[in-house]
Each structure stands twice: as C-alpha cells, then as structure tokens.
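Q: Have a look at the structure that comes next, please.
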Amino acid sequence: MPEGLSTMPKRLSSLCDLLARAMLIASLVCLAAPASAQKPDAELRGITVVGVEVEELGSQAAACGLSRETIQAAMSKVLADNGLKVVRNTDTDTYLYVNVNTVSLPTGLCVSRYDAFLYTHVSARLPYQDQPVLVQVSLLHEGGLAGGGKAGHAENVVRNLKEYVEQFTSRIRAASQ
C-alpha cells in the first residue's frame, strides 16, 4: 500500500467521530432552547376578553350618517357573537381600536378612511432601556376607504369594519384551537 493511505481510514474515522459529536451537541442545544410560538397567529392564542374603543367622530362624519355609538355597538356584537367577552369602560390589556376619519363635501360626497386594530400591552425590555417598559403591540390591522353619496355611506363603512372584525375573530378562534 502506498505511504499515507494506511492512515486514511483512521483520519476518516476520527473525522466522522468529530462530526457525530458536533451533531449530538447541536441537537442537545436545540432541545434545551426554549420553545417559541412558531404557529401562525400564535400571539392570538388564548384571547377571550376584548375591550372596544371607537375614536370620537367629527361633525363631517356625523353629516355622513356615522355614529360612534352605532359603530361601537356593531363591533361589540361581532366580537360577542364570535365567543369573545366584551368589556366596556375598563382597562383591559387587549382591545379593538376603531378609527374613522371622514370628509364631506357640500355636493353630498362623503369619503371615509377607516381602520380596525387589535392591540395589546406587554412589558418588554427594549435594547436601549435598563428596565422593562409597558409597550403597545398591534396584533392585527385592517383598513379601507369608502366614498360616495351620503345615502348608504355609514352602512358601507360599518359593514366593512364588521368584516374586518369577523376576520380578526376567525383568526383568534383558529389560533386557540
């Protein structure tokens, strides 16, 4: 046998042993690492109580038939009908926030930008802070734009917001199963 080839199997065996040990150590490290929530919408799992906050509407929104109370009642109903407990006038960590901005023209044209957010609060240590701080986290967001005559404008905005909240509750329900 040529010189050097007789030691080749030993070197290969040592290399294989080293590789096997490295893989064993890597797998043990992975097993020891904390589990992370990798499933889609894992951050929504366990939500059962939701507050509802609808931002004050301006006079132009009222001129287009929009009402804060109507929007709040509609959003609360969707949440409750989908199995979530709705709390009002309390400090709850998780809440639905609705904002509607409307412009109305003398010609009767109404245009509204509307957004629905699902927020929560969490204590987090930020890279530039020494102590944990309370942070608002946006879990879900949908928004849209509606325009047209005054007749039916409010119903269109509320219908679209209800669809967004239906989507939110569907995702919460799926994440909790």
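Q: Looking at (1) over 16 Å from the mean Cα position of the chain (by Cα); (2) part of a strand (DSSP E or B); (3) of a type outside the set (S, T, N, Q), which is the one condition that is false for L139?
A: Checking L139 against (1) over 16 Å from the mean Cα position of the chain (by Cα); (2) part of a strand (DSSP E or B); (3) of a type outside the set (S, T, N, Q), the one that fails is (1).
Q: I'm checking my understanding of the structure. Among residues of segment 88-113 that are over 17 Å from the mean Cα position of the chain (by Cα) and crowded, with 16+ Cβ neighbours inside 10 Å, which one is nearest to K150 (Cα to Cα)?
A: It comes out as C110.
Q: Please go through segment 164-177 and pick out each residue that is among the polar types (S, T, N, Q), part of a helix (DSSP H, G or I) and touching a residue at least 40 places away in the same chain (Cβ under 8 Å).
A: Matches in segment 164-177: T169, S170.
Q: Mind checking whether some residue in segment 153-163 is in a strand (DSSP E or B) and more than 30 Å from G46 (Cα to Cα)?
A: No, that holds for no residue.
Q: Could you tell me which of the residues T94, T90 is modelled with pLDDT of 85 or more and of a type in the set (V, I, T)?
A: Result: T94 is the single residue among T94, T90 that is modelled with pLDDT of 85 or more and of a type in the set (V, I, T).
Q: Report whether or not G58 is assigned by TED's automatic domain parsing to the domain that holds S170 and at positive phi.
A: Working: assigned by TED's automatic domain parsing to the domain that holds S170: yes; at positive phi: no.
So G58 does not fit the description; no.
Q: Which condition number in (1) charged (D, E, K, R); (2) at pLDDT 95 or above; (3) out of contact with any Phe, Trp or Tyr (no Cβ under 9 Å at 6 or more places or on another chain) is the one that D115 fails?
A: D115 satisfies all of (1) charged (D, E, K, R); (2) at pLDDT 95 or above; (3) out of contact with any Phe, Trp or Tyr (no Cβ under 9 Å at 6 or more places or on another chain) except (3).
Q: Could I ask something else about it? The conditions are (1) under 19 Å from E69 (Cα atoms); (2) surrounded by fewer than 15 Cβ atoms within 10 Å (Cβ to Cβ), and D130 fails exactly one of them. Which is it?
A: (1)
The values are calculated or read from the model by the stated rules, or taken from the named source; none is laboratory data. Quantities reported herein were computed from a predicted structural model and do not represent experimental measurements. Using ideal geometry, Cβ is built from the backbone for each residue, glycine included, and neighbour counts are taken over all protein chains shown.
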